[in-house]
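The values are calculated or read from the model by the stated rules, or taken from the named source; none is laboratory data. For clarity, every value in this text was computed on a predicted model and none was experimentally measured. Here the Cβ positions follow ideal geometry from the backbone for every residue, glycine too, while neighbour counts run over all protein chains shown. Please note that ligands, DNA and RNA were not included when accessible areas were found on the heavy atoms of the full protein model with its side chains. Shrake-Rupley method; radii C 1.70, N 1.55, O 1.52, S 1.80 Å.
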Amino acid sequence: SSDLQAMINASASGNAVWVAAGTYKPTLGPFGVVPADPRDKTFYVKDGVKIYGGFAGTETLLSQRNITTNITTLSGDFSGDDVVSGSGSTLSIANNGENAYHVVLASAPASGGIGVTIDGFTIIGGNASVATTITVNGNIINRSNGGGIYIANGTNTLTNNTIYYNIANLRGGGIYSNNAANTIEKNTVYNNKSVTNGGGIFIENGTSTINNNVLYLNSA
């Protein structure tokens, strides 16, 4: 199915969603409906669900996928018109005023939360630019944190992702995490920007293991 969110929503805790190569843009908000603010549209990974990119569509085993060949992009650039110039401290992205606040969002309950797996995706075009909040699963989600990936609570695995051209006004241009236990490995995080803290990755509270990632040209 080309509707990734529908597949996630139809999944039970412990299920894995395999995603074929292509570019996907979110169409719903975290409550499963079209949100009042269209920028709240996000790929909301239901607690306990695992999502994997990098498939051609013929695989029968996870080990058969090729994330390098089968690029699976999750984009928050709804209009497809972002104009990027510069890099690192000079990075500028124009025409992103309509982009998603968070391309990917996971929000586990503070008590009994499981966590998610996000593995094998290219994540671009997030623009966490507004100092307001939304409450999801009991967690206050700040629309100025976590342009690429926003994680709240749970034990999460973020692996084999390429994250770039995401912006946050406050914290975590590429990845923002709060009160979670994360394994963050084998990601490439570059050319993300935060106006305040954590251009590439910002971890707030919780316990995270961060190994074997490549981070460069991020700025805050």
(request) Output the relative contact order of segment 56-164, whole-number percent, from Cα pairs under 8 angstrom with separation of 6+ residues. (result) 28
(request) Report, by chain and number, residues whose modeled amide H sits under 5 Å from the one on Thr133, excluding near sequence neighbours (fewer than 5 apart, same chain). (result) Arg143
(request) Have a look at the DSSP beta bridges in the chain and tell me what percent are antiparallel, nearest 5. (result) 10
(request) Express the relative contact order of the chain as a whole percentage, based on alpha carbon pairs under 8 Å and six or more residues apart in sequence. (result) 15
(message) Quick check: net charge around Phe78, other residues with Cβ under 15 Å of its Cβ, Lys/Arg +1 and Asp/Glu -1?
(response) -3
(request) Please report, in cubic angstrom per residue, the volume enclosed by the convex hull of the alpha-carbon atoms of the chain. (result) 108
(message) Using only the heavy atoms of the protein chains and a 1.4 Å probe, how would Val116, Val214 rank by accessible area, largest first?
(response) Val214, Val116
(message) Would segment 105-198 count as rounded, prolate or oblate if I go by the C-alpha gyration tensor, calling it rounded below 1.5 in a/c and otherwise prolate when a/b exceeds b/c, oblate otherwise?
(response) oblate
(request) Would you mind counting up the charge near Ile118? Only other residues with Cβ under 14 Å from its Cβ, with Lys and Arg at +1 and Asp and Glu at -1. (result) 0
(request) With a/c under 1.5 counting as rounded, go ahead and sort segment 35-91 into rounded, prolate or oblate using the C-alpha gyration tensor (a ≥ b ≥ c being the square roots of the eigenvalues; past the cut-off, prolate if a/b is larger than b/c, else oblate). (result) oblate
(message) Defining a contact as two alpha carbons under 8 Å apart and six or more residues distant in sequence, what relative contact order in percent does segment 43-103 show?
(response) 26
(request) Classify segment 1-96 as rounded, prolate or oblate from the Cα gyration tensor: take a ≥ b ≥ c as the square roots of its eigenvalues, call it rounded if a/c is under 1.5, otherwise prolate when a/b beats b/c and oblate if not. (result) oblate
(request) Using only protein heavy atoms and a 1.4 Å probe, report how much of Thr60 is accessible, in Å² to the nearest 10. (result) 110
